[in-house]
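So the structure is just underneath, and the comments pick up after that.
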Amino acid sequence: MHVSRNASLLLGGGTSLTYLLGSVLPLFLIDRFGRRTLLMVSSAGQTMCFSLAAILLSCNTLRTACGAVAMVFIFQLFLGVGWLPVPWFYPSEINTTRLRSRGAAIASGFNWMSVFAIVKITPIAIGK
């Protein structure tokens, strides 16, 4: 978007606050609608947001770039509603009491290893 450093930092902070808001919503929604529904809605919403952001960015105007930024904010809401909480709750819920802590530990470890791999690989992939 060719914005200043301060505007970029404000947008980054705004997306973090949107993510925080999205992470509070599952407290009220997860038992009412269920884990599967939240994951499906979250996945569909994230797909829609990134598809629209790609389409808007291909137009290469300031208005469409602002629309793409809005899609990133909405993406953060969808991410916080479904894919933030469910992978942390689900492993402890599907395992027996005897295996609950091990299942949660394995799921947490796999989650953090995946995040680590993405953080290390993405800059290299974008650079090439």
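The numbers here are math on the coordinates, done by the rules we state, and not lab data. Note that the structure is a prediction, hence the values are computed from the model and not measured. No Cβ is skipped: glycine too gets one built from the backbone with ideal geometry, and neighbour counts run over all protein chains shown.
Here are the numbers for the structure shown:
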quantity	calculated
Equivalent-ellipsoid semi-axes of the range 1-116, from the Cα gyration tensor, Å, largest first	33, 15, 13
Degrees separating the helix 35-59 axis from the principal Cα axis of the chain, which is the longest one	20
In the range 38-112, the trypsin sites (Lys or Arg not before Pro) that fall in loop regions by DSSP, at most 12 other Cβ within 10 Å	Arg98
MRE, 222 nm, helices only [DSSP H, n ≥ 4, -39500 (n - 2.57), over the chain, to nearest 500]	-29000 deg cm²/dmol
Vicinal HN-Hα couplings computed from phi for the range 20-26 (Karplus, 6.51 cos²θ - 1.76 cosθ + 1.60; Hz; Gly/Pro x)	4, 4, x, 7, 7, 4, x
The chain, dipole about Cα centre (Lys/Arg Cβ +1, Asp/Glu Cβ -1), debye to the nearest 20	240
The range 30-53-the range 57-81 distance, computed between alpha-carbon centres (Å)	16
Cα long-axis angle, helix 100-127 against the chain (0 to 90 degrees, to the nearest 10)	20
